[in-house]
Every structure is written in structure tokens, then in C-alpha cells.
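The next block holds one structure in the form of C-alpha cells; read it before the comments.
Since every read-out is calculated from the coordinates, none of them should be taken as a lab result. All values reported here derive from a predicted model rather than from experimental measurement. Every residue, glycine as well, gets a Cβ built from its backbone with ideal geometry; the counts of neighbours run over all protein chains shown.
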Amino acid sequence: MHSKPKILATAALLLLAGPFSLAACAQDYVEQEAARAAGAQPGPTDPYAPRGAQSYPATSYGVSNAPPATAVAPGSATAVAPVTAPPAAQSVQDQNLGALLIRIQQLEQQVMQLNGKLEEQANELNVMREQNLQRYTDLDKRLSAGAVGGAAATTADAPATIVADDAIPAAGPTAGTAPVAEQVGEAEAYRAAYALVQSQKFDQAVQAFQQFQRNYPAGKYAPNAYYWLGELYLVIQPQDLESSRQAFAMMLSLYPDNAKAPDALYKLGKVQFMKGNRDKAREYMDEVISRYGSTTSSAVKLAKDFLAQNY
């Protein structure tokens, strides 16, 4: 009877102490596992061992030849090496730099050539300006020497007062001449064309003298009209050297004994010189000197000076 209560008391004590012993065992197990995990090192063949970051070569979209990337594990303090261009890329850069330098040198040479051409054109322009100035000077001398005097005379047969041979020559009634009215009309047409020359309206003067030639091809003032056309073709812009040559040549052909013949021959030589015909120009200058050397014509001195300056 006394043993049964003792057994029951022992069982109760075991039931009460069981949870505490299990907790202690569990705590011991946890501590042992933690210590083992801290001291253990994973082997190279341990499939569950932690691994660092891995890199894989690029194999798609045309970058299979890209250099492998340097792997850096998270939290690592290792510095990343700078990426440098491969030797092939460096060679391409050197080639591009060399080509650029060559192109710069070529451009510099082209600039030097253009500067040289600009200087040549500037010199040619200066020569042209001097020639134009000379032509205007010659024309002004002609105008000052042959200006038309005041108003027309009161008589029908004397259309203008004559100052020099460049102006309108006096017309007097002679046997076999054209009617007086026609002479007056011719004189007025010539005077109007010559007034345009004095006003330096050269383009209009050319048209006026051309119209005069059409209206009075064999008129008394036709030689002067040819001469002035030859002069005007040299001062209009642009010049018309061929038309000037034809006007002077026509004047000499039709009126070789006219008072303007020496000047026309001298001008014809200058036109040939301007056209580049140096030999022909010299022939005309020599002809002026040989043909009119014994006269008082100013063309003789001009021809001599021209030869001295250009030959």
C-alpha cells in the first residue's frame, strides 16, 4: 500500500523536470552547432559552401570578344583596375590622328595658294584701274581741247562755234552740198551726241553716235562720229576692245586724210596692245612716227613715249 503513492510521487517529479532538461539539451545543441559553424572552413568540393561573385564571357549581340570583367566580391576593398584600350584600338586612333595632321597640312597649302591668287588678282585690278584712269584722262584732254562753244549760230549754215577739230566743224554753203536743212539736222544730232560725252553719259553717247551713223552715214561729221565711238568703247563698262578697233580702223579706211587720222592710228595701236597683240601695236606706233613725224600732231610724241615705256 505504501509503494504505490511513492511511485506516483516519482512520476510526478519526472514530469515536472522533463521540460527543463529538454530545454537545457536544446540550448547545448544550439551552442555546439554555432561553434562548429564558426570554426569550420568549407572545402573546395563542398556544394553548399558560399561562393564569391563569378563573371561569364559575353557571347551574344556581337560582343563575344569583349575583355573579361574583373570580379569584385561584395564588400571587398580591392580597387578596380582602370580599363585600358586594347592595342588594336590604340593603333586606329594613331592612324586617325596622322590622317588629321595630313589634312591640316593640305588645307594650309590650299590657303597659301588662295592667298597667292588673291595677290595676283589685286595686282591685275590695280593695273586695270590705272589703265581706266589713263583712258579717262585721255578722254578729258580731248573734251577740254574740243569743247563745243556756246549756242548755235543764228545763221542756218553755221550750226556751232568751233573751238577745236573735235567739235562740230563750221558748215558753209558750197556747191554740191546737201540741203541746208539737212546740214542743220546733222549738226544738231552731232552736238547732242557730243554733249552726252561731255556729261560723261558714255553709254547714252554710244547709242547717240550709233544712231547718228545710221542717219548720216556719209555726213560731214561722220569721221568725228567714228573717232568718238572708238574712244567711248574704251571707257564704257565692260570695255569693248573689238568694237573700238573696228571704229578706229573704219575711220582710217574711209577718211585717211582727216585731221583725226594720226590720233586714230595711235589709238588703234593702243587697242592692239590692250588686246595682247604687242607686235601689231608696235607696227602702228612706228607708222604714226614715220607717217606724221614731220607734222605737229601730238600723236607722234604720244607714240614715241608709248614705245619707250612698253618696249
TODO: Within 10 Å, count the other beta carbons around each residue, average over each peptide in 271-283, 112-124, and list them highest first.
DONE: 271-283, 112-124
Task: In sequence order, calculated HN-Hα J values of segment 99-111 (Karplus, 6.51, -1.76, 1.60; Hz; x Gly/Pro) - done: 5, 5, 5, 4, 5, 5, 4, 4, 5, 4, 5, 4, 4
TODO: Report, in debye and to the nearest 20, how large the dipole of segment 192-253 comes out about its Cα centre when Lys and Arg carry +1 and Asp and Glu carry -1 on their Cβ.
DONE: 200 debye
- [ ] Take every Cα pair under 8 Å in segment 241-311 that's 6+ residues apart, average their separations, divide by the length, and report that relative contact order as a whole percent.
- [x] 27 percent
- [ ] May I ask you to derive the FRET efficiency for residue 113 and residue 280 from their Cβ-Cβ distance with R0 = 30 Å, giving the value to the nearest 0.05?
- [x] 0.30
Open item on the list: Under 5 Å between amide hydrogens, which residues at least 5 positions from residue 297 or on another chain qualify, with H placed 1.01 Å from N in the peptide plane?
Closed with: none
Open item on the list: Could you check the spin-label model distance between residue 101 and residue 125? Points 7 Å from the Cα along Cα→Cβ, value in nm.
Closed with: 3.8 nm
- [ ] Could you calculate the contour length gain from residue 90 to residue 200, that is, 0.36 nm times the residue separation minus the distance between their Cα atoms, to one decimal place in nm?
- [x] 32.4 nm
Task: Exposure proxy order (Cβ contacts within 10 Å, fewest to most) of 311, 190 - done: 311, 190
Open item on the list: Quick one: 3J(HN,Hα) in Hz for segment 193-203, Karplus 6.51/-1.76/1.60 with θ = phi - 60°, rounded, Gly and Pro as x.
Closed with: 5, 5, 5, 5, 5, 4, 7, 6, 8, 5, 5
